[in-house]
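*Asks:* I'd like to ask some things about the structure below.
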């Protein structure tokens with residue numbers, strides 16, 4: 001008789017920080033050996049630290065880091081997991097404002113919004129602690145929420161089709 005309305009459980013600031021730390025550890029496992037190998041090659045080659053080639057090399061590595069982070073966040077947050085590995089471990093999921101899975105485009109906007117949130121003295125991240133729905137600047141820009149728990153099934157089951165009361169002659173009455 002009564003409908004079961006559940007308010008979504010928004011992920012708080014510290015849970016999101018912990019998910020970010022887990023994701024950062026995963027990314028560092030990938031990039032630490034790569035950076036070590038490149039540093040050893042550059043040290044062995046005797047390249048001058050102030051050369052233009054070194055500046056372009058650093059710029060290229062930063063570009064690869066941003067590209068990898070974008071693909072990591074974009075694909076995982078728009079996948080059926082609805083979050084990165086850190087979020088998945090903690091039972092968090094990224095949704096749109098109605099609780100549905102987000103698209104890759106929205107996940108892309110959210111990722112680059114995270115860069116903006118960090119560029120303004122981390123204020124975009126700190127907003128999570130003070131907004132009603134626990135949204136950071138990047139969430140507000142992308143129209144996303146971070147919720148705890150599993151996705152809820154559709155709230156209303158699909159009703160069966162109505163019975164067909166139309167008048168049709170049956171074979172028995174047609175042959176009389």
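Every read-out reported here was derived from the displayed coordinates using simple, explicitly stated rules and does not represent laboratory data. Everything quoted here is computed from the prediction, not taken from an experiment. Cβ sites come from the backbone with ideal geometry, for glycine too, and all protein chains shown count toward neighbours.
*Asks:* So which residue, out of 33, 162, 52, gets the largest mean-square fluctuation from a GNM of the chain using Cα contacts under 10 Å as springs?
*Replies:* 162
*Asks:* Two decimals is fine: what's Rg over Rh for the stretch 1-150, C-alpha atoms, Kirkwood radius as Rh? The partial results should precede the final answer.
*Replies:* On the way: Rg = 18.6 Å, Rh = 17.0 Å.
Radius of gyration relative to Kirkwood radius: 1.09.
*Asks:* Is the stretch 33-93 best put as rounded, prolate or oblate by its Cα gyration tensor, with a ≥ b ≥ c the root eigenvalues, rounded for a/c under 1.5, and otherwise prolate when a/b is larger than b/c, oblate when not?
*Replies:* prolate
*Asks:* Also: When averaged across all projection directions, what area in nm² does the alpha-carbon convex hull of the stretch 66-162 cover?
*Replies:* For the stretch 66-162, the mean projected area of the Cα convex hull comes to 7.5 nm².
*Asks:* Note the angle between two axes, namely the Cα long axis of helix 13-45 and the longest principal axis of the Cα atoms of the chain, as a number of degrees from 0 to 90, rounded to the nearest 10.
*Replies:* Compared with the principal axis, the helix lies near 40 degrees.
*Asks:* In deg cm²/dmol and to the nearest 500, what is the mean residue ellipticity at 222 nm of the chain if only DSSP H runs of at least 4 residues count, each as -39500 (n - 2.57), divided by the residue total? All intermediate terms of the calculation are to be shown ahead of the outcome.
*Replies:* Details: 7 runs with 94 residues, N = 176.
Taking each H run of at least 4 residues, the total per residue is -17000 deg cm²/dmol.
*Asks:* Specify the angular offset, from 0 to 90 degrees and rounded to the nearest 10, of the alpha carbon long axis of helix 52-77 from the longest principal axis of the alpha carbons in the chain.
*Replies:* Between the helix axis and the principal axis of the chain, the angle is about 20 degrees.
*Asks:* Could you list 50, 96 in order of exposure, starting from the residue whose Cβ has the fewest other Cβ atoms within 10 Å?
*Replies:* Result, fewest neighbours first: 50, 96.
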